[in-house]
1. Looking for something more than 19 Å from T10 (Cα to Cα) and surrounded by 14 or more Cβ atoms within 10 Å (Cβ to Cβ) - is there at least one such residue anywhere in the stretch 44-54?
2. Criterion first (at pLDDT below 95, out of contact with any strand residue (DSSP E or B) (no Cβ under 9 Å at 6 or more places or on another chain), closer than 16 Å to D53 by Cβ and open to solvent by 60 Å² or more (accessible area, probe 1.4 Å)) does D79 satisfy it?
3. Identify, from the list W54, W99, the residue that is without any contact (Cβ under 8 Å) to a residue 60 or more places away in the chain, within 12 Å of the chain's Cα centre (by Cα) and closer than 24 Å to E143 by Cα.
4. Would it be correct to say that E145 is at pLDDT 95 or above, of a type in the set (D, E, K, R) and open to solvent by 60 Å² or more (accessible area, probe 1.4 Å)?
5. Please specify each residue of the stretch 112-140 satisfying the condition of being in contact with an Asp or Glu (Cβ under 8 Å, 6 or more places away or on another chain) and in a loop (DSSP other than H, G, I, E, B).
6. Taking H57 and the conditions (1) in a strand (DSSP E or B); (2) within 18 Å of A14 (Cβ to Cβ); (3) open to solvent by 40 Å² or more (accessible area, probe 1.4 Å), which numbered condition does it fall short on, given that it satisfies the others?
7. As an exercise: evaluate D151 against (1) acidic (D, E); (2) open to solvent by 70 Å² or more (accessible area, probe 1.4 Å); (3) more than 21 Å from I32 (Cα to Cα); (4) at pLDDT below 95 and give the number of the one condition it does not meet.
8. Look at R2 and say whether it is part of a loop (DSSP other than H, G, I, E, B), at pLDDT 90 or above, of a type in the set (K, R) and on the phi < 0 side of the Ramachandran plot.
Amino acid sequence: MRTYSFGVETVPAALADDLIVGSVHDGRNYRIMLARVVWEEIIETRFLAGENDWEGHSAAELDSGYIIGGAVEGVATPDGGEGWKAYVARLDESLNVLWERKIDVRENGAAYSVLPAEEGLFIAGETGRPGDKGFFLGRLSLEGELLWLRDFGHWEDVVHGTSSI
């Protein structure tokens, strides 16, 4: 078995078919890691980054690519951080970003679940900060248009997970 590391900290978070999504700390910031695997070998890696920290949390396979979810443009701290925007992106089969959405949900959001559905996809995640945490649900078209989003407000003990079809 091989061990891989792409920075000070490498955290795989989700798997969709042959794609691992996670976060890598490069010594300065977190960035989203995309790693294509065949059995135990990583055959391709890509990283998504921008302003501040970016983290990858979820992934789902589509007929022609992938949907990933996470959190971007925030600052990671031991209590969860601040300034995060929920992140959803559609990737083609070559891991190129076709579109991305950064969704500001109550000043601190992360998309922990992405679920393809008929004619679109559902997203779910966390909002707020300690003492005012909550969760949200939303629906996007396969072209990335936000169709609806609902913040369910304060709920301190939310546990997020992912589901696949």
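The values are calculated or read from the model by the stated rules, or taken from the named source; none is laboratory data. In this text, all values refer to a predicted model and were calculated from it rather than measured experimentally. Here the Cβ positions follow ideal geometry from the backbone for every residue, glycine too, while neighbour counts run over all protein chains shown. Note: areas computed on protein heavy atoms with side chains; ligands, DNA, RNA excluded. Shrake-Rupley method; radii C 1.70, N 1.55, O 1.52, S 1.80 Å.
1. Within the stretch 44-54, not a single residue is more than 19 Å from T10 (Cα to Cα) and surrounded by 14 or more Cβ atoms within 10 Å (Cβ to Cβ).
2. The answer is yes for D79.
3. W54
4. yes
5. G128, R129, P130, G131, K133 - these are the residues of the stretch 112-140 that are in contact with an Asp or Glu (Cβ under 8 Å, 6 or more places away or on another chain) and in a loop (DSSP other than H, G, I, E, B).
6. Looking at each condition in turn, H57 falls short on (3).
7. It is condition (2) that D151 fails.
8. The answer is no for R2.
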